[in-house]
Amino acid sequence: MFYYLKGIAAHVAPNLAVIDCGGVGYACRTTSYTLSALQVGQEAKLYTHLNVREDAMELYGFATENEKNCFQMLISVSGVGPKAALSILSANTPEGLATAIITGNEKALTVAPGVGKKIAQRVLLELKDKLAKGQLPAAGESYGGSGLTVIPQDKTSEATAALAVLGYGPAEINMALKSLDLAALSLEDIVRQALKKMLK
C-alpha cells in the first residue's frame, strides 16, 4: 500500500518515529538503527511495511530497503512477529543479520531483547532452508519471489548468499565482488563493502 514516506521527522521515541507528510503524522514502528539516522525537524524517508491484523493496522518504517527486506524476511518465519523482528534488527545491521544466517551464528540473534534460543534457531533454520531452495527475493522483488539459489561452501559463496539474503541478484553481486580482496577481508566486511559499491 505505502512504499515509502517522505516528510519531516516530527517525533522520535524508542521504536517509534512520526513522519509529518503534508500535515499528517504517520506513526512508524522502527529499529534503533533507523532512529539513529533521524533528526527531529529534518527531512526523512522511510521505506514502509503495513502490517494488518484483525484488531490493528500498524505501519513499520526503515531507513533502507535492505532493512525493510530483512524485516519482511524475519516475519515470514513461523513464530516471529513484528516485535521480535524489530528487536533482532535493532541488535543487528542487515549485513550482520545476513552474515549470521549464512554462518549459523545463533548468538548474534539472542543478543536481541526478547529473542531466545528457540526463536534464534528457528530463524536460522528456516531462512537458511529458504536460501538453499532459492525462495529468497531477487533484486527489486518484495519478499516471497523466486531468487538466487546458493549453498555456501567458501567465503565467496557465503558472501554471495549473504547478499542474496539482502535481495540482490546474481549480476549485481558478481560486479560488486569483482574488485574486492576476498582473501584478506572478513565475511561481514566483504558484505559491507559490496553493499557500499552497489549503493553508489
- Item | Karplus-derived 3J(HN,Hα), 6.51/-1.76/1.60, for each residue of region 70-75, Hz, glycine and proline x | 5, 4, 5, 5, 5, 6
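Once the Cβ-Cβ distance between Leu16 and Thr156 is put in as r, and R0 is 41 Å, what FRET efficiency do you end up with, to the nearest 0.05? Walk me through the numbers before you get to the answer.
Values: r = 40 Å, r/R0 = 0.98.
In this case the efficiency is close to 0.55.
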- Nitroxide proxy distance, nm - points 7 Å out along Cα→Cβ at Asp129 and Glu54: 2.7
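Run the helix sum for the chain: -39,500 (n - 2.57) per DSSP H stretch of 4+ residues, divided by residue count, reported at 222 nm to the nearest 500 deg cm²/dmol.
Working: 9 runs with 89 residues, N = 200.
Computed ellipticity for the chain at 222 nm equals -13000 deg cm²/dmol.
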- Query: So what is the accessible area of region 6-80 per residue, in Å², with the probe set to 1.4 Å?
  - Reply: 49
- Message: Can you work out the Karplus-derived ³J(HN,Hα) for every residue in region 12-26? Use 6.51 cos²θ - 1.76 cosθ + 1.60 with θ = phi - 60°, whole Hz, and x for glycine or proline.
- Response: 10, 8, x, 6, 9, 10, 10, 10, 8, 10, x, x, 10, x, 8
- Query: About its Cα centre, what dipole magnitude does the chain give when the only charges are +1 on Lys and Arg Cβ and -1 on Asp and Glu Cβ, stated in debye to the nearest 20?
  - Reply: 160
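Quick check on my link table: of Lys68/Lys107; Lys45/Lys117; Lys128/Lys155, which ones sit more than 26 Å apart, alpha carbon to alpha carbon?
On the way: Lys68/Lys107 22 Å; Lys45/Lys117 34 Å; Lys128/Lys155 16 Å.
Where the Cα-Cα span goes over 26 Å, the pairs concerned are Lys45/Lys117.
Can you give the charge dipole size of region 1-112 about its Cα centre, rounded to the nearest 20 debye, using +1 on the beta carbon of Lys and Arg and -1 on the beta carbon of Asp and Glu?
Details: 7 positive and 9 negative charges, 13 e Å.
Dipole about the Cα centre, nearest 20: 60 debye.
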- Task: First compute the accessible area of the chain with a 1.4 Å probe, then give the percent of it belonging to carbon and sulfur atoms.
- Result: 53
- Query: Which length gain, in nm to one decimal place, applies between Ile8 and Lys83 when the Cα-Cα distance is subtracted from 0.36 nm times their residue separation?
  - Reply: 24.5 nm
- Pairwise label distance in nanometres, Ser36 with Leu180, each label 7 Å out on the Cα-Cβ vector: 2.0
- Task: With everything on Cα atoms, drop me the angle between helix 94-103 and the longest principal axis of the chain, reported from 0 to 90° to the nearest 10.
- Result: 40
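The values are calculated or read from the model by the stated rules, or taken from the named source; none is laboratory data. In this text, all values refer to a predicted model and were calculated from it rather than measured experimentally. Every residue, glycine among them, receives a Cβ derived from its backbone with ideal geometry; neighbour counts consider all protein chains shown. Areas reflect the complete protein model, heavy atoms only, side chains present, ligands, DNA and RNA absent. Shrake-Rupley method; radii C 1.70, N 1.55, O 1.52, S 1.80 Å.
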